[in-house]
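What follows is a set of notes on a single structure, which appears directly below.
The values are calculated or read from the model by the stated rules, or taken from the named source; none is laboratory data. Everything numeric in this text was worked out from a predicted model, so none of it was measured. Here the Cβ is made from the backbone with ideal geometry for all residues, glycine too, and neighbour counts use every protein chain on show. Just so you know, the surface numbers come from the protein's heavy atoms only, side chains and all, with ligands and any DNA or RNA stripped out. Shrake-Rupley method; radii C 1.70, N 1.55, O 1.52, S 1.80 Å.
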Amino acid sequence: MTDLLEELFESELTRNRLEFSRAPEADQRQQALDACYSRIHAALGLEFLDRLNDLEAEAAYHERLVCFRHGFRLALRLVLEAGG
């Protein structure tokens with residue numbers, strides 16, 4: 001079952017409020033990844049590349065969710081400590 005923080009995370013993603021492409025040097029990393037993906041596609045085929053992309057997307061989603069949870073809890077803790 002999806003928990004509240006994951007629902008909030010999904011909501012932020014859906015509304016494009018989490019802009020990961022604004023990370024430092026995101027364009028350069030994407031270009032380097034695209035070059036690697038092209039080589040993988042040429043050497044191992046589209047099916048392998050699709051599977052790799054699916055695994056990477058799943059890993060990135062869960063890593064971002066962990067960071068979102070941590071940030072949310074950190075903000076809440078800071079607010080509670082400032083008020084106490």
Filter segment 10-35 down to the residues that are among the hydrophobic types (A, V, I, L, M, F, W, C), part of a helix (DSSP H, G or I) and loosely packed, with under 11 Cβ neighbours inside 10 Å and list them by number. Phe20, Ala35
What number of residues in segment 46-79 are open to solvent by less than 60 Å² (accessible area, probe 1.4 Å), more than 15 Å from the chain's Cα centre (by Cα) and either among the basic types (Lys, Arg) or more than 26 Å from Glu6 (Cα to Cα) (or both)? 1
Only one of Ala82, Ala43 is over 21 Å from the mean Cα position of the chain (by Cα) and either modelled with pLDDT of 95 or more or not in a helix (DSSP H, G or I) (or both); which? Ala43
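Quick grid of which residues meet (1) at positive phi; (2) not β-branched (Val, Ile, Thr):
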{"position": "Leu18", "(1), (2)": "no, yes"}
{"position": "Asp27", "(1), (2)": "no, yes"}
{"position": "Ile40", "(1), (2)": "no, no"}
{"position": "Gly45", "(1), (2)": "yes, yes"}
{"position": "Leu65", "(1), (2)": "no, yes"}
{"position": "Arg77", "(1), (2)": "no, yes"}
{"position": "Leu80", "(1), (2)": "no, yes"}
